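This report refers to the structure that appears directly beneath it.
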Amino acid sequence: MASPKNKKSKMRKRQREAQLEKAILAEVQACPNCGGMKQAHHVCPNCGMYNGRKVLSVSAK
């Protein structure tokens with residue numbers, strides 16, 4: 001079985017572990033226009049509104 005030849009520094013270990021925090025799913029919030037769930041700073045997939053204006057035409061399901 002392979003063994004490490006050199007010790008991993010604290011900084012190298014912490015940099016690797018910091019990437020795990022970024023892998024968490026993005027949080028969602030309620031759209032102020034329609035009340036549907038959307039990601040922050042993204043166009044609402046339900047109504048097509050972003051920052052109080054219509055930017056995407058969404059067809060009814």
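None of the figures in this text is laboratory data; all of them are computed from the coordinates on show. Note that this is a predicted model, so its numbers are computed, not measured. No Cβ is skipped: glycine too gets one built from the backbone with ideal geometry, and neighbour counts run over all protein chains shown.
Odds and ends about this structure:
- Lysine pairs within the chain, Cα separation less than 22 Å, 8 or more sequence positions apart or different chains: 7
- Segment H42-S59, extension gain: residue separation times 0.36 nm, minus the distance between their alpha carbons: 4.3 nm
- Between Y50 and Q29, full extension at 0.36 nm per residue minus the direct alpha carbon distance yields a gain of 6.3 nm.
- Applying the Kirkwood pairwise sum to the alpha-carbon positions of the stretch 14-54 produces a hydrodynamic radius of 11.7 angstrom.
- Sorting 37-44, 12-19, 48-55 by their mean Cβ neighbour count within 10 Å, with the most densely packed peptide first, gives 37-44, 48-55, 12-19.
- Degrees between helix 10-22 axis and first principal axis of the chain (Cα, 0 to 90, nearest 10): 20 degrees
- For the chain: relative contact order, % (alpha-carbon pairs under 8 angstrom, 6 or more apart): 16 percent
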